[in-house]
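Colleague: Could you have a look at this structure, given as structure tokens, before my questions?
Throughout, read-outs are computed from the coordinates displayed, never taken from laboratory work. Quantities reported herein were computed from a predicted structural model and do not represent experimental measurements. Neighbour counts are summed over all protein chains in view; Cβ atoms, including those assigned to glycine, are modelled from backbone coordinates with ideal geometry.
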Amino acid sequence: MEAAAPTLHDINAKLELLIASILVTKTVLSLEEAARYIGLAESYVYKLTSTQQIPFYKPLGKKLYFKREELDNWLLKRRIQTTDEINAAAAKHVSGVRVGG
């Protein structure tokens, strides 16, 4: 029995995996690649560059480029503490407070 032909959905899923694996190996990304890498619309990434909220390079004055490592660092900014971390910090603070000092 012959195997069923791959569907368009199957082909598209494999293409997305291939593109993702390529982006992970590149050190410098174009605007389109950067948007895909961080999962945002190109227009929003462009807005982030125009307001200087994301690190980017403009070597020839027009095209935008991004270092993948800097995008990773940007994505990991503003870490939110877990409730366990907050509770541990609160317990440490309370245990350090002296009554009647």
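Colleague: Report the charge-dipole magnitude of the chain in Debye, nearest 20, computed about the Cα centre from +1 at each Lys and Arg Cβ and -1 at each Asp and Glu Cβ. Numbers along the way, then the final one.
Modeller: Working: 14 positive and 11 negative charges, 137 e Å.
Approximately 660 debye in magnitude.
Colleague: On to the next question. Can you return the lysines within cross-link range of LYS14? Criterion is Cα-Cα under 22 Å, with same-chain partners fewer than 8 residues away left out.
Modeller: Those lysines meeting the cut-off are LYS26.
Colleague: State the answer as a single residue: which of ALA3, ILE19, SER30 lies farthest towards the positive end of the charge dipole of the chain, with beta carbon charges of +1 for Lys and Arg and -1 for Asp and Glu, about the Cα centre.
Modeller: The listed residue farthest towards the positive side: SER30.
Colleague: Please list, or write none, the lysines whose alpha carbon is within less than 26 Å of the alpha carbon of LYS92, excluding same-chain residues fewer than 8 places away.
Modeller: Within reach: LYS77.
Colleague: Using each residue's phi in region 5-20, evaluate 6.51 cos²θ - 1.76 cosθ + 1.60 at θ = phi - 60° and report the 3J(HN,Hα) Karplus result to the nearest Hz, with x for Gly and Pro.
Modeller: Taking θ as phi minus 60°, the curve returns 5, x, 7, 4, 4, 4, 5, 5, 4, 5, 5, 4, 5, 5, 4, 4 Hz for region 5-20.
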